[in-house]
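Notes to accompany the following structure.
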Amino acid sequence: MAHKQLVRLRFPARAEQLRAVRNSIRAATTPLALTTELVDALVLAVNEACMNIIQHAYGEHGCCDIVLEIVHCADELIFRLTDFADPIDVTTVRRRDLSEIRPGGLGLHIIDQVMDTVRFQPPPLGAGNLLEMRKRLPRDGV
């Protein structure tokens, strides 16, 4: 099966834009007959990744855009998030110790639990960072 782009959405990196992003993910995955639980998990993981870009990549430097691409390829979905912030040092990306009880900071854990692979890829020319997340799809939609 060839790669089929389901979504390409460029949006301002602001939290209030994420409702439309979540709706786009739901709409794009509807034809795939996935379970509600899987779709909810995918939406949550992508939302968390977007919030990390908003809070950590852009942070105090102001807002720019994020590009979300969703590609369906054979038995997997590929989610790509491109930002235009300064390139990050991927060796500094750390997950919070789960024994530390405090609010927030669980985004990377959620993303890792939902997705099968999570990697930074070389970004396109003019972009800062490209996060690629892949999820294998069950054969029966479950």
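Structure values in brief
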item: Selection count where residues are surrounded by fewer than 20 Cβ atoms within 10 Å (Cβ to Cβ) and either at pLDDT below 95 or of a type in the set (Phe, Trp, Tyr) (or both), scope segment 55-74; result: 10
item: Residues of segment 113-142 classified as over 11 Å from the mean Cα position of the chain (by Cα), within 21 Å of residue 54 (Cα to Cα) and in a loop (DSSP other than H, G, I, E, B), total; result: 7
item: Selection count where residues are closer than 10 Å to residue 129 by Cα, in contact with a strand residue (DSSP E or B) (Cβ under 8 Å, 6 or more places away or on another chain) and in a loop (DSSP other than H, G, I, E, B), scope segment 65-90; result: 4
item: Residue 16, sole failed condition from (1) touching an Asp or Glu at 6+ places or on another chain (Cβ under 9 Å); (2) surrounded by fewer than 13 Cβ atoms within 10 Å (Cβ to Cβ); (3) in a helix (DSSP H, G or I); result: (1)
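The values are calculated or read from the model by the stated rules, or taken from the named source; none is laboratory data. The structure displayed is predicted, hence computed values, not measured ones. With ideal geometry, Cβ positions are generated from the backbone for all residues, glycine too; neighbour counts draw on all protein chains shown.
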